[in-house]
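Report on one structure; see the data block that follows.
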Amino acid sequence: MSANTDDLELQMSPRTQNGQRYEHTGEAEMDTSPQRRGILHLTVDTPLSETTQKTVLNRQPPRWRTPEFYVYYLIFAIVIPAMVWKPISLSRETSANYPLYRSRLSNGWLFGRNFDNSDPQFRTFRNNLPLLLLIAGTFLGLKVIYLRLYRTSYTPVIETRLHHIPFSFISSLLFLFGLHGVNFIKIIIIMSISFGIAKSLKGSKLLPFITWGFNMAVLFAIERNSGYKFANLSSFLAFLDKYQGAYARWYIPFNFTMLRLVSFNMDYHWAYTMNNARNPQVDGEMSLKQRTTTSHDLSVYSFTNFMTYVLYPPLFLAGPIMTYNDFMWQHYRPSLVPSRKYVGRYLIRFICCLLTMELILHFMYVVAIKDSAAWQGDTPFELSMIGFWNLIIVWLKLLLPWRFFRLWALADGLYPPENMIRCMANNYSTLGFWRAWHRSFNLWTVRYIYIPLGGTKNLLVSTALIFTFVALWHDLTFRLLAWGWLVSLFIIPEVAAKYAVPSSKYGNRPWYRHICAVGAVGNVLMMLTANLVGFVIGVDGMKYMISQISGSWEGLQFLFLACACLFVGIQIMFEYREEEMRNGIFRRC
């Protein structure tokens, strides 16, 4: 339950209406964005909807210096250091369980300490970061040379980025071949079939069903067969398996490719079926929603543009996800060109996040502890901190590659959505959490699943189907299916509370904020449970943790104190969002 958010529906894209407009964070928007002061410098820039000065002035007065919040600061000063120190103490060589996970540690480079590099997903990104930097630098350097040569050949003023497409198209093919070797043939074949479906079934009501059926079947088949080695297809082709490229497991990043294939087909389908009722021409700078929903002329949906969009190197491996319409509008109407200042600030933010991850993994070996189940004899507080810091690491290990690839795209002049706009520990709303976590994917699911299924008219059914798809898209495992169903189930209390105690009716009552905080404590506990099941310890590990916390008087005491601390933290989250709104920053997460 939110103390500050009136609208809790699962519509994640910002809107422009009632005199509101978008705040962007590229070249043009640096002068129009709300003034950032103090703590608000921590707020990540994203396309936002500004509102009128009257709405800003109608916010509650700040509570930062009230007696109530001074009590909260005192609790913070006690609890936060304890939350940091406990996993550090469990990671010391003198810890009783240290021998159980010692073999999972590596030699570190900070303060002579070992390093927990046992998470395979982050290890892959970290170990390949120098190579990624080299590839990104080469791409951007060659792009500069290409553009200079182009400008010397064509003297007229260039008002679009369409001349970037030939370079992006050729570099995409070279990047794909270098990355996956001869496996690029499989990807090109799948892409060509998907493109053929769009063109051959244009205008047909069957197109969405065939598109979804084909892509889900391909996703399932390559996952089950590890990408189909050439030797399994034919003994005559077995020699091709020797040329796998830099990353042989081409089917791992194909999940993101599949999203772009669906995006192209659906955007083309809607452009074709609405050709006689085309959206009116948008004047001025286009918002994110306008770039996403406004169709192009049918000629724009060409094979070259399709290939360039799907294989665009900065976003190919992990996103963020851009819709086809958005990608092409940023070439036709390049009003959002990120400034050097903005890109530089984003680079600094990325480096700070990377160093934070390095510090955590040098001092907290919670991933190794979790993988070794080295928690025998730990107290409920210690068990909870192992789970909590594992979730922080999950957040960081996803945030870092997403921000790296987004930084690469920003340096190339495109403006993809920001995937993570809140810290994992700065969420109290179940719906708001999913708006802020892997945001570009959530925007994608809204456009291509949630709205076609009826949106708020079928909220619970749509939500259940979305999270089932999200779970299967991540991995075909029971653990993630359980995660998807738990998330769908845990959304129900918040939706019910929205209708039972609406902020439009009770928002000005003095007790409303505290009732919201109590409900938000339940939300946080449910979100922690779902994500620990899905991404950290699984169903069995969660059962063990719950039994240890609820099976003793000590555990119940800890649970009560933990809920009290969460209540305090949520009050700070409420006030942080109020501070954003006092300064013209309005978000639904």
Check your understanding: Quick one: would you say Ser263 is part of a helix (DSSP H, G or I) and in contact (Cβ under 8 Å) with a residue 12 or more places away in the chain?
Key -> yes
Review point. Would you say Leu532 is at negative phi and modelled with pLDDT of 90 or more?
Key: no
Exercise for review: With the checklist (1) surrounded by fewer than 19 Cβ atoms within 10 Å (Cβ to Cβ); (2) in contact with a Phe, Trp or Tyr (Cβ under 9 Å, 6 or more places away or on another chain) in hand, flag the one item Trp483 doesn't pass.
Suggested key: (1)
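So, in segment 310-327, exactly how many residues are part of a helix (DSSP H, G or I) and in contact with a Leu (Cβ under 9 Å, 6 or more places away or on another chain)?
Filtering segment 310-327 for residues part of a helix (DSSP H, G or I) gives 310-311, 313-316, 324-327.
So of that shortlist, the ones also in contact with a Leu (Cβ under 9 Å, 6 or more places away or on another chain) come out as 310-311, 313-316, 326-327.
Adding up the residues that qualify gives 8.
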Point to revise | Options Leu74, Leu40, Leu100: the member that is at pLDDT 95 or above, part of a helix (DSSP H, G or I) and in the same structural domain as Leu561 (by TED's automatic domain parsing) | key: Leu74
Practice item. Being among the aliphatic types (A, V, I, L, M) and in contact with a helix residue (DSSP H, G or I) (Cβ under 6 Å, 6 or more places away or on another chain) is the filter; apply it to segment 106-139 and report the residue that is farthest from Thr94 (Cα to Cα). Key: Ala136
**Study point:** Among the residues listed as Pro493, Pro452, Pro502, the single one being touching a Pro at 6+ places or on another chain (Cβ under 9 Å) and surrounded by fewer than 18 Cβ atoms within 10 Å (Cβ to Cβ)
**Key:** Pro452
Practice item. Please state which of the following conditions Glu575 fails to meet, knowing it meets all the rest: (1) in contact with a Pro (Cβ under 9 Å, 6 or more places away or on another chain); (2) outside the structural domain of Trp444 (by TED's automatic domain parsing). Key: (2)
Revision key, fill the gap. Taking segment 406-420 and the residues there that are of a type outside the set (A, V, I, L, M) and within 12 Å of the chain's Cα centre (by Cα), the one that is surrounded by the fewest Cβ atoms within 10 Å (Cβ to Cβ) would be Glu418
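In this structure, does Leu486 turn out to be closer than 26 Å to Cys563 by Cα and either in a helix (DSSP H, G or I) or aromatic (Phe, Trp, Tyr) (or both)?
Yes, satisfied.
Given Ile321, Ile392, Ile369, Ile386, which one is within 21 Å of the chain's Cα centre (by Cα) and in the same structural domain as Leu556 (by TED's automatic domain parsing)?
Values: Ile321 fails: in the same structural domain as Leu556 (by TED's automatic domain parsing); Ile369 fails: within 21 Å of the chain's Cα centre (by Cα); Ile386 fails: within 21 Å of the chain's Cα centre (by Cα).
Selected residue: Ile392, the only one of Ile321, Ile392, Ile369, Ile386 that is within 21 Å of the chain's Cα centre (by Cα) and in the same structural domain as Leu556 (by TED's automatic domain parsing).
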Check your understanding: Give me the pairs: first residue in segment 455-474 and in a helix (DSSP H, G or I) and hydroxyl-bearing (Ser, Thr, Tyr), second residue surrounded by 14 or more Cβ atoms within 10 Å (Cβ to Cβ) and modelled with pLDDT of 80 or more, beta-carbon distance under 7 Å, and six or more apart or on different chains, which are they?
Key -> Ser462/Tyr450; Ser462/Leu453; Thr463/Ile491
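The values are calculated or read from the model by the stated rules, or taken from the named source; none is laboratory data. Predicted model only: the values in this text are computed from it and were never measured. Note that each Cβ is placed from the backbone with ideal geometry, even for glycine, and that neighbours are counted across all protein chains shown.
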